[in-house]
Structures are given as structure tokens and as C-alpha cells.
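Peer 1: The following block contains the structure, expressed as C-alpha cells.
The numbers here are math on the coordinates, done by the rules we state, and not lab data. Owing to the predicted nature of the structure, the values given are computational and were not obtained by experimental measurement. Ideal geometry is used to build each Cβ from the backbone, glycine not excepted, and the neighbour counts take in all protein chains shown.
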Amino acid sequence: MDIYFFVALVMAVLIGLTIPKLMEKYKYGGKILIMLLLTVSSIYYWKKGDVKSAFLFFEILVWSGFEFVGLLEEWGIKSLAAVVLIAVGTLGITLYDFRLTLVDVFGVFMSGFLGIYGFVYLGYLVRIKKHPEEEKN
């Protein structure tokens with residue numbers, strides 16, 4: 001067993017025990033810590049030369065950050081965030097190969113999900129913009 005794999009397992013257990021308690025105390029503190037870890041992981045894999053794994057972490061980071069869009073009230077920023085989801089999902093679909101490796105399978109799934117969710121959220125925003133009385137129900 002590789003020593004780095006053992007260190008990663010120990011860190012995962014410690015993070016799994018710490019972050020839920022942090023999220024109970026501070027509402028978004030645990031989420032921001034997870035996003036920071038995803039950013040560091042993405043940069044690490046990018047520097048290592050593993051672009052597919054780096055982009056997979058970046059996609060998860062974009063998906064995690066999309067929760068903060070609900071706090072905004074500006075329609076234009078929400079629609080721009082939906083377009084970013086569509087762009088990241090489309091770029092991911094073109095990046096991954098259709099092979100049966102774990103990174104490729106999870107990457108294609110995550111990219112497709114991001115793109116589809118971006119289109120659905122953009123459609124929801126347009127519907128709410130046209131019919132504002134339905135938003136109150």
C-alpha cells in the first residue's frame with residue numbers, strides 16, 4: 001500500500017468527522033472548507049498533469065458553489081450562473097473519453113448532469129420571469 005494512499009484515508013476520516021460538526025456550528029463554514037479542499041485538489045492534479053481528474057474536481061467545485069446562487073436576488077447573475085453550469089458541463093463532455101475508467105465514467109456523468117441542470121435551471125428562471133405570480137405559490 002502506498003503511504004500517500006494511507007495518508008489520504010486518514011485525512012478523509014478526519015475530514016468526515018470534523019466537517020459535519022463545523023456545518024452545525026457555522027452554516028456555510030463547512031461548505032467553504034470543502035470547496036477549499038476541492039480547489040486545492042484540482043490545482044494539485046492540474047500541476048501533476050492529470051487534466052481529467054483536475055477538471056472532475058473543478059466540476060464538483062462548481063456544483064458545490066452553485067448553492068450560493070440561491071442567496072442572490074439578481075435575475076441576471078442567476079442566469080449567468082446557469083450558463084456557467086452549461087458551459088462547464090459541455091466542456092467536460094468533450095474532455096472525457098468514453099472508456100470504462102472510473103474518472104471517465106464519473107466525469108461524463110457529472111458533466112452531463114451539470115449541463116442538463118444548467119438548462120433546467122435556466123428554463124425555470126425564464127418561466128419565473130414571465131410568470132412572477134407562480135413564484136409566490
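Peer 1: Could you please find all residues in region 53-65 being touching a Leu at 6+ places or on another chain (Cβ under 7 Å) and either within 14 Å of Val40 (Cβ to Cβ) or surrounded by fewer than 19 Cβ atoms within 10 Å (Cβ to Cβ) (or both)?
Peer 2: Passing the criteria: Phe57, Ile60, Leu61, Trp63, Ser64.
Peer 1: Go through (1) farther than 30 Å from Pro132 by Cα; (2) in a helix (DSSP H, G or I); (3) among the aromatic types (Phe, Trp, Tyr) one by one and return the number of the condition Phe98 breaks.
Peer 2: With (1) farther than 30 Å from Pro132 by Cα; (2) in a helix (DSSP H, G or I); (3) among the aromatic types (Phe, Trp, Tyr) applied to Phe98, the lone miss is (2).
Peer 1: Also, I was wondering about something else. If I go through region 96-108 residue by residue, how many of them are within 20 Å of Phe119 (Cβ to Cβ), touching a residue at least 40 places away in the same chain (Cβ under 8 Å) and in contact with a Phe, Trp or Tyr (Cβ under 6 Å, 6 or more places away or on another chain)?
Peer 2: Counting residues in region 96-108 that are within 20 Å of Phe119 (Cβ to Cβ), touching a residue at least 40 places away in the same chain (Cβ under 8 Å) and in contact with a Phe, Trp or Tyr (Cβ under 6 Å, 6 or more places away or on another chain) gives 1.
Okay, residues lined up against (1) at positive phi; (2) exposed (fewer than 11 other Cβ atoms within 10 Å of the Cβ); (3) touching a Lys or Arg at 6+ places or on another chain (Cβ under 8 Å):
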| site | (1), (2), (3) |
| --- | --- |
| Met23 | no, no, yes |
| Lys27 | no, yes, no |
| Leu33 | no, no, no |
| Glu74 | no, yes, no |
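Peer 1: Identify all residues within region 66-84 that are among the small types (Gly, Ala, Ser) and without any contact (Cβ under 8 Å) to a residue 12 or more places away in the chain; write none if there are none.
Peer 2: Gly70, Gly76
Peer 1: Hey, another quick one. All but one of (1) assigned to a helix (DSSP H, G or I); (2) over 27 Å from Gly30 (Cα atoms); (3) not β-branched (Val, Ile, Thr) hold for Leu85, so report the exception by its number.
Peer 2: (2)
Peer 1: Could I ask something else about it? So which residues in region 54-87 are farther than 23 Å from Ile128 by Cβ and of a type in the set (A, V, I, L, M)?
Peer 2: Answer for region 54-87, where residues must be farther than 23 Å from Ile128 by Cβ and of a type in the set (A, V, I, L, M): Ala54, Leu56, Ile60, Leu61.
Peer 1: Restricting to region 44-67, name every residue that is under 15 Å from the mean Cα position of the chain (by Cα) and of a type in the set (A, V, I, L, M, F, W, C).
Peer 2: The answer is Ala54, Phe55, Leu56, Phe57, Phe58, Ile60, Leu61, Val62, Trp63, Phe66.
Peer 1: Which residue out of Gly70, Gly123, Gly107, Gly76 is under 14 Å from the mean Cα position of the chain (by Cα) and either not in a helix (DSSP H, G or I) or not hydrophobic (A, V, I, L, M, F, W, C) (or both)?
Peer 2: Of Gly70, Gly123, Gly107, Gly76, the one residue that is under 14 Å from the mean Cα position of the chain (by Cα) and either not in a helix (DSSP H, G or I) or not hydrophobic (A, V, I, L, M, F, W, C) (or both) is Gly107.
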